[in-house]
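Asks: Structure provided below as structure tokens; questions to follow.
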Amino acid sequence: MGKNNLLHNQTLRTVALMLASLFCSLMFWIYVTESEGDEIDRSFSGVQVVFEGESVLRENRGLIITEVGTTSARVTLSGNRRVVSALTSGDLSVVIDLSNITRAGSYSLAPRVSYSTQTDTSAISSATTNPAAISFYVDTLDRKTVEVEGIFNGSAADGFVAEPLEITPGSVIIYGPETVLATVDHALVTVDRTDVDRTLTFDSTYVLVDTDGNILESEDITFDVETVSVTLPISAVKEVSLVIDLVEGGGATEKNVKWSLEPDSVTLMGDSETLSGVNSISVAKIDLSTIADETYTETYKVVIPNDTEITSGSSETTLTLEIGGLYKQTFTIDKSNITCTNVSDGYTAEVMNDTLEGVVIRGAQDAVESLSELNIRAVADLTDYGTATGIVSVPVKIYIDGNSEVGAVGEYRVYVSITES
């Protein structure tokens, strides 16, 4: 019994010693790995090439980087297994220092490898790049002002028309290598809209175009503004008839008149709200009492609404007017039937004419022939003469008492003597 217990205790001690030894070996391996560790070599592809000091080169020295040989490189690192294994290509960059470059020309410089901030760089013993040097060209930074042009490739809705694009600003400043800028002819805005029925204003980007109309794409060019304001003016188009306003008089009414205009319509373009209320344009107000002849012809200007323009038709139209079915007779008005009205206070007016001859009365024949000269009066209105004195020529209005179907045709005047009372 005692012998068995002794053997059991010895076995336990042996196992305990083996476990302790294994634990110590493990701790020692961890210590060595953490402090020294196995050193490995590892390559990283697609590491980005970065130019350090590019903004200073551009802004202070007027130079710009072009024609870069490669934008990425392969990096091989030697160092602690744990540290190197944890890295990715995104944690690295290949840096070219531009601080010593002061003039344009071709360069090939050896880069340095840069690491992310959380990388333990003390665990990395060496770093190499492939290629070992990065080639690039440094060009003179230039500026150029180019006009901004616009093209509307869409369509306006029915009854509307698109006018030329309005672009603000009308020119932009571009910056880049002198050799690249020399190929730029202008900037271009393209608008692709269909069935547009109202004016549009929006911000738009633009592209650069050479003299052959080819779009230029270059990462070396920058702009003073990235977008421009574009207005696409849309106007309504409407055909509007031309008319006249007739004022009945001289025994003539609309039923006695035939008239025509040539042209008799115009096509207007302008603001849609303005044109919505315009269906016709009156070119003249015709007082029939002033037209003595049976045929009257006159040309008038077509006065159109503000903010519109004529796109089809003429700015002038010719009126042909005919008066028919009426009878005319000439009468003489005695001085007793010529009076003055609206004489200023403190003044006296006396008609100098003994008679007013050659007064033409027009109307239906039986109505005209039934007239007596006693029914015809001439009245001179002195409202516009105020306190004027002396003999003046005054227009008169002809009145026919008791007959509204006839009227005087033409204009008549009498001489009036105005004196202070």
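Asks: For the stretch 91-127: of the residues being open to solvent by 70 Å² or more (accessible area, probe 1.4 Å) and in a helix (DSSP H, G or I), which is farthest from residue 53 (Cα to Cα)?
Replies: Filtering first and then ranking leaves 122.
Asks: Now, a different point. Going through the stretch 196-233 one residue at a time, which ones are among the hydroxyl-bearing types (Ser, Thr, Tyr), touching a Gly at 6+ places or on another chain (Cβ under 8 Å) and either free of Cβ contacts under 8 Å to residues at least 12 places away in the same chain or in a loop (DSSP other than H, G, I, E, B) (or both)?
Replies: 218
Asks: Which condition number does residue 313 fail, the rest of (1) over 30 Å from residue 168 (Cβ atoms); (2) crowded, with 17+ Cβ neighbours inside 10 Å; (3) at pLDDT 90 or above being met?
Replies: The single condition residue 313 does not satisfy is (3).
Asks: OK, next. Look at residue 299 and say whether it is closer than 30 Å to residue 236 by Cα, free of Cβ contacts under 8 Å to residues at least 40 places away in the same chain and in a strand (DSSP E or B).
Replies: Spelling it out, residue 299 is indeed closer than 30 Å to residue 236 by Cα, free of Cβ contacts under 8 Å to residues at least 40 places away in the same chain and in a strand (DSSP E or B).
Asks: Scan the stretch 190-202 and give yes if some residue there is aliphatic (A, V, I, L, M), in contact with an Asp or Glu (Cβ under 8 Å, 6 or more places away or on another chain) and open to solvent by less than 70 Å² (accessible area, probe 1.4 Å), otherwise no.
Replies: no
Asks: Consider the stretch 31-54. How many of its residues are open to solvent by 70 Å² or more (accessible area, probe 1.4 Å) and either in a helix (DSSP H, G or I) or at pLDDT below 60 (or both)?
Replies: Of the residues in the stretch 31-54, 4 are open to solvent by 70 Å² or more (accessible area, probe 1.4 Å) and either in a helix (DSSP H, G or I) or at pLDDT below 60 (or both).
Asks: Filter the stretch 289-302 down to the residues that are of a type in the set (A, V, I, L, M) and modelled with pLDDT under 95, then identify the one that is surrounded by the fewest Cβ atoms within 10 Å (Cβ to Cβ).
Replies: 292
Asks: Here's a follow-up. Select from the stretch 251-283 the residues that are touching a residue at least 60 places away in the same chain (Cβ under 8 Å) and either of a type in the set (Ser, Thr, Tyr) or touching a helix residue (DSSP H, G or I) at 6+ places or on another chain (Cβ under 9 Å) (or both) and list them in ascending order.
Replies: 251, 252, 256, 257, 260, 269, 272
Asks: If residue 286 meets every condition in (1) out of contact with any Phe, Trp or Tyr (no Cβ under 6 Å at 6 or more places or on another chain); (2) under 24 Å from residue 252 (Cα atoms); (3) among the aliphatic types (A, V, I, L, M); (4) touching a residue at least 60 places away in the same chain (Cβ under 8 Å) apart from one, which number is that one?
Replies: (4)
Asks: Cβ-Cβ under 7 Å, sequence separation 6+ or interchain: first residue in the stretch 351-377 and over 18 Å from residue 327 (Cα atoms), partner hydrophobic (A, V, I, L, M, F, W, C) and surrounded by fewer than 16 Cβ atoms within 10 Å (Cβ to Cβ). Which pairs?
Replies: 352/391
Asks: Within the bounds of the stretch 134-151, is there any residue that is in a loop (DSSP other than H, G, I, E, B) and open to solvent by 50 Å² or more (accessible area, probe 1.4 Å)?
Replies: No: the stretch 134-151 contains no residue that is in a loop (DSSP other than H, G, I, E, B) and open to solvent by 50 Å² or more (accessible area, probe 1.4 Å).
Asks: For the structure I just gave you, tell me whether residue 60 is closer than 30 Å to residue 139 by Cβ and either modelled with pLDDT under 90 or surrounded by 12 or more Cβ atoms within 10 Å (Cβ to Cβ) (or both).
Replies: yes
The values are calculated or read from the model by the stated rules, or taken from the named source; none is laboratory data. Quick caveat: nothing in here was measured; it's all calculated off a predicted structure. When we count neighbours, we look across all protein chains shown, and the Cβ atoms used for this are built from the backbone with ideal geometry, even at glycine. The area values use the complete protein model at the heavy-atom level, side chains included, leaving out ligands, DNA and RNA. Shrake-Rupley method; radii C 1.70, N 1.55, O 1.52, S 1.80 Å.
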